[in-house]
1. Looking at the stretch 223-240, can you tell me whether even one residue there is at pLDDT 90 or above, under 22 Å from GLY376 (Cβ atoms) and more than 14 Å from the ligand (Cβ to nearest atom)?
2. Residues to consider are ALA109, ALA87, ALA78; find the one that is modelled with pLDDT under 95 and crowded, with 17+ Cβ neighbours inside 10 Å.
3. Report yes if SER360 is within 16 Å of the ligand (Cβ to nearest atom), in a loop (DSSP other than H, G, I, E, B), buried (at least 16 other Cβ atoms within 10 Å of the Cβ) and of a type in the set (Gly, Ala, Ser), otherwise no.
4. Can you tell me which residue is nearest to the ligand (Cβ to nearest atom) among those in the stretch 276-317 that are outside any loop (DSSP other than H, G, I, E, B) and farther than 25 Å from VAL194 by Cβ?
5. Could you please find all residues in the stretch 19-63 being open to solvent by less than 30 Å² (accessible area, probe 1.4 Å), part of a loop (DSSP other than H, G, I, E, B) and of a type in the set (A, V, I, L, M, F, W, C)?
6. Do any residues in the stretch 67-81 that are in contact (Cβ under 8 Å) with a residue 12 or more places away in the chain and among the charged types (D, E, K, R) have Cβ atoms under 9 Å from those of residues that are buried (at least 24 other Cβ atoms within 10 Å of the Cβ) and not in a helix (DSSP H, G or I), where the two are at least six apart or on different chains, and which pairs are they?
7. Considering only the stretch 365-414, how many residues are open to solvent by less than 10 Å² (accessible area, probe 1.4 Å) and hydroxyl-bearing (Ser, Thr, Tyr)?
8. It is to be established whether one or more residues within the stretch 195-217 are within 14 Å of the ligand (Cβ to nearest atom), under 27 Å from PRO379 (Cβ atoms), in a helix (DSSP H, G or I) and without any contact (Cβ under 8 Å) to a residue 40 or more places away in the chain.
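The values are calculated or read from the model by the stated rules, or taken from the named source; none is laboratory data. Bear in mind that the values here come from a model prediction, so they are computed numbers and not experimental data. Note that each Cβ is placed from the backbone with ideal geometry, even for glycine, and that neighbours are counted across all protein chains shown. Just the protein is used for accessible areas: all its heavy atoms, side chains included, with ligands, DNA and RNA removed. Shrake-Rupley method; radii C 1.70, N 1.55, O 1.52, S 1.80 Å.
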Amino acid sequence: MESPEQQFVSPTVIDHAQAPRNRGPLANFNGHARITGPCGDTMAFWVRAREGTVENVSFVTDGCGPSLASGSMATCLAEGKRLNQAAAITQRDILAALGGLPGEVEHCALLAANTLKAACEDAVRRMTLDGKPNCETCADASCAAHQRLAGETEEAFAERQQLQAKLCRIHKKILVLSGKGGVGKSTIAVNLAVAFVLAGRKVGLLDVDIHGPSIPTMLGLETVPLHEVGGELCPVEMGGLKVLSLGFFLKNPDDAVIWRGPMKMKAIQQFLKDVAWGDLDVLVVDSPPGTGDEPLSVCQLLGKVDGAVVVTTPQKVAAVDVRKSISFCRQLGVPVLGVVENMSGFACPRCGEVTAVFPSGGGRRIAEDMNVPFLGSIPMDPKIAESCDEGRAYITNYTDSPTAVIMRNIVARLSEAGAISTSEGADAASTMDRTNVE
Ligand code: ADP
């Protein structure tokens, strides 16, 4: 039987100049670079990376022994590392792993390190989403996800990196907030998300309204089973919309969620970190109401939130809440995309004419007062309530109604404000139906 010493073969005892590994071009590569050093030697590297990890690296060089040894050792060191770690391999690392090179040929290790770095950066460039690097491919060593925080445990660091990897693939994150429950926040979140899908965007809808996760009901998804792939939870797909809600996890829709703060935080974190959201143009988040711990946790977990839509009702008592919601956003550095006044007047089911029920215009006044955009007033429309109960998004169910036009105008204003580009894309309207739930 071999002794432990015999089983372990240190890379330093392999003569990489005599037996270079991974020499020659690599098929199916996604990163490549070729550099000629000041000594006149040329080196080329090919990198194949998957989900941000270097699976395979190969090289060629027209240089002699030390170049071969350096290139070969660089491939050894890079494989299995994250792209950013492989890109950070230095001349010193290569020399140390080789057990040193004569001083006059140490530059060969520098050429190998530089060419490997350039190939890894090329892989990142090719694998970016909308030109924006994402964590799974990121070679940006300055990204917060690459820095372990002071006092952070290994486990917490790994979780934060995992979360960041998901968030980086989501181009825009929009929060739908309200000062209190029952004002139509979820209704607006659903219709906004669907309107973005109709405009050809890839959209996620995350319902973290712990106390009233109503989105499964509003989209007719209560009985749709969740499934996992590769240890990750898959959101329910409905046309171009990916949906996840705490409601999917309640055995009985009447169950109350009685969780302490840390449990809620953990659940929200898992909804982001352990879910296969994939690449999204926008994630619409239906936040818990109010300005307390729960919406705060949501904002903290989401990191950079691109904007918040604040939903209110016309009554005077709602004014205080909406002001609080706007201040909350300001304190957290979340841009307020605007205020929506919901249940503003009553839309006649026959002619669509809107009659004032309570004095309206409160939402607009607060928006003006607090210097944030006013996005529009949505009337109380029995068809909205009916659509919610039937599990269909109002905006697709009553496309031509005056209220649907108001909703589309709100989306257009969000688009003008740069919240999301809504250039007409795929003909998604026909696919937004329960029958398309995968
Ligand atoms: P929140 O998320 O603020 O608690 P919801 O979106 O769940 O509020 O709405 C509460 C109820 O009010 C739902 O039954 C919904 O159908 C209804 N609703 C919301 N907006 C309107 C509206 N403009 N017209 C009629 N019913 C509405």
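1. Checked against the condition, which is being at pLDDT 90 or above, under 22 Å from GLY376 (Cβ atoms) and more than 14 Å from the ligand (Cβ to nearest atom), the stretch 223-240 yields no hits at all.
2. Working: ALA109 fails: modelled with pLDDT under 95; ALA78 fails: modelled with pLDDT under 95.
None of the other options fit; the residue is ALA87.
3. On the way: within 16 Å of the ligand (Cβ to nearest atom): yes; in a loop (DSSP other than H, G, I, E, B): yes; buried (at least 16 other Cβ atoms within 10 Å of the Cβ): yes; of a type in the set (Gly, Ala, Ser): yes.
For SER360, the condition - within 16 Å of the ligand (Cβ to nearest atom), in a loop (DSSP other than H, G, I, E, B), buried (at least 16 other Cβ atoms within 10 Å of the Cβ) and of a type in the set (Gly, Ala, Ser) - is met.
4. Quick first cut of the stretch 276-317, residues outside any loop (DSSP other than H, G, I, E, B) only: 280-286, 293-302, 307-312, 317.
Next, only the ones that are farther than 25 Å from VAL194 by Cβ stay: 293, 296-297, 300, 317.
Numbers: ASP293: 18, LEU296: 18, SER297: 18, GLN300: 21, VAL317: 15 Å.
Among residues in the stretch 276-317 that are outside any loop (DSSP other than H, G, I, E, B) and farther than 25 Å from VAL194 by Cβ, the one nearest to the ligand (Cβ to nearest atom) is VAL317.
5. Once the filter is applied, which keeps residues that are open to solvent by less than 30 Å² (accessible area, probe 1.4 Å), part of a loop (DSSP other than H, G, I, E, B) and of a type in the set (A, V, I, L, M, F, W, C), the stretch 19-63 yields only LEU26.
6. Within 9 Å, the pairs are GLU79/VAL54; GLU79/VAL57; LYS81/VAL54.
7. Qualifying residue count, the stretch 365-414: 3.
8. The answer is yes; a qualifying residue exists.
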